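Read the structure below first, then the notes.
The values are calculated or read from the model by the stated rules, or taken from the named source; none is laboratory data. Because the structure is predicted, anything quoted here is derived from the model rather than measured. Quick reminder, even Gly has a Cβ in these numbers, built from the backbone with ideal geometry, and neighbours come from all protein chains shown. What goes into the accessible areas is simple: the full protein's heavy atoms, side chains included, and nothing from ligands, DNA or RNA. Shrake-Rupley method; radii C 1.70, N 1.55, O 1.52, S 1.80 Å.
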Amino acid sequence: MKRITVLLAEDHKIVREGLRSLLEHEGDIEVVGEAGTGREAVQLTRKLLPAVVVMDIAMPLLNGLEAARQIRKDFPNTKIIVLSAHGDEVYVEQVTTLGAAGFLLKQTSSHILAKAIREVQKGNTFFCTPISRHLKARDQKSFDRAGRPGKRNNRLSPREAEVLQLIAEGKPNKQVAAELGVSFKTVDKHRQHLMAKLNIHDVAGLTRYAISAGIIESSVQITIV
């Protein structure tokens, strides 16, 4: 029997080890790699081509949502299951918009995670009960009185979201440039464009926006510079 290959993307090693141990007891699932940052998750997906990526949201360098977007774009056959401690509305909206096949809360039992992996591998979606309830309520509100879909707000581009995360995490322009492999001047241009686009003119404001937009979690330790 061919096993389902899985990449675990979670910044806490002890959590990754626990997930690996649980999944290794499933005879049809094989954990082929572990990533501690969002950027590493993208790189390992490119190298290992897993069938499923289990992705945390709060990841350093590149948050899990942006990493998932990049994986979805470059490897559309790889299924994404987002695993988060938070099921806030903003995260649910972000996850469903990027096309993840599943969303589980970390309180979910291990056998549910294994079931989700099997379901998304089949081409189905899988959302834990609290998330499913939210999606149902959202769908009921997503049409106006004439039965037309409501308008969605414009979102930041993937690169804009990536730059915003690094700024919100307290990294200076020079470090952002090094992380992204671009020039200092390019980062400064992105920073000015973000502030103009969002009508936010200080780093503290950008950080608050990043939290409210689900680009970083409120639990992420940040330093305002």
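Remarks
- Qualifying position, being modelled with pLDDT of 75 or more and within 19 Å of residue 67 (Cβ to Cβ), among 187, 203, 182, 220: 182
- Residue selected from the stretch 31-85 under the condition hydroxyl-bearing (Ser, Thr, Tyr) and open to solvent by less than 20 Å² (accessible area, probe 1.4 Å), by the criterion nearest to residue 16 (Cα to Cα): 84
- Any hit, the stretch 143-150, residues being surrounded by fewer than 19 Cβ atoms within 10 Å (Cβ to Cβ), more than 30 Å from residue 51 (Cα to Cα), charged (D, E, K, R) and modelled with pLDDT of 85 or more: no
- Residues that are in contact with an Asp or Glu (Cβ under 9 Å, 6 or more places away or on another chain) and in a helix (DSSP H, G or I) within the stretch 7-22 comprise 13, 15, 16, 17, 19, 20, listed in sequence order.
- Of the residues screened, residue 64 is not one that is at pLDDT 75 or above and on the phi > 0 side of the Ramachandran plot.
- Checked against (1) in a helix (DSSP H, G or I); (2) modelled with pLDDT of 80 or more, residue 134 passes all but a single condition, namely (2).
- Condition check for residue 14: β-branched (Val, Ile, Thr), surrounded by fewer than 18 Cβ atoms within 10 Å (Cβ to Cβ) and more than 17 Å from the chain's Cα centre (by Cα): yes
- Taking the stretch 59-69 as the range and being of a type in the set (A, V, I, L, M, F, W, C) and in a loop (DSSP other than H, G, I, E, B) as the test, the residues that pass are 59, 61, 62.
- Among the residues of the stretch 23-58, those that are of a type in the set (A, V, I, L, M, F, W, C) and part of a strand (DSSP E or B) comprise 29, 31, 32, 35, 52, 53, 54, 55.
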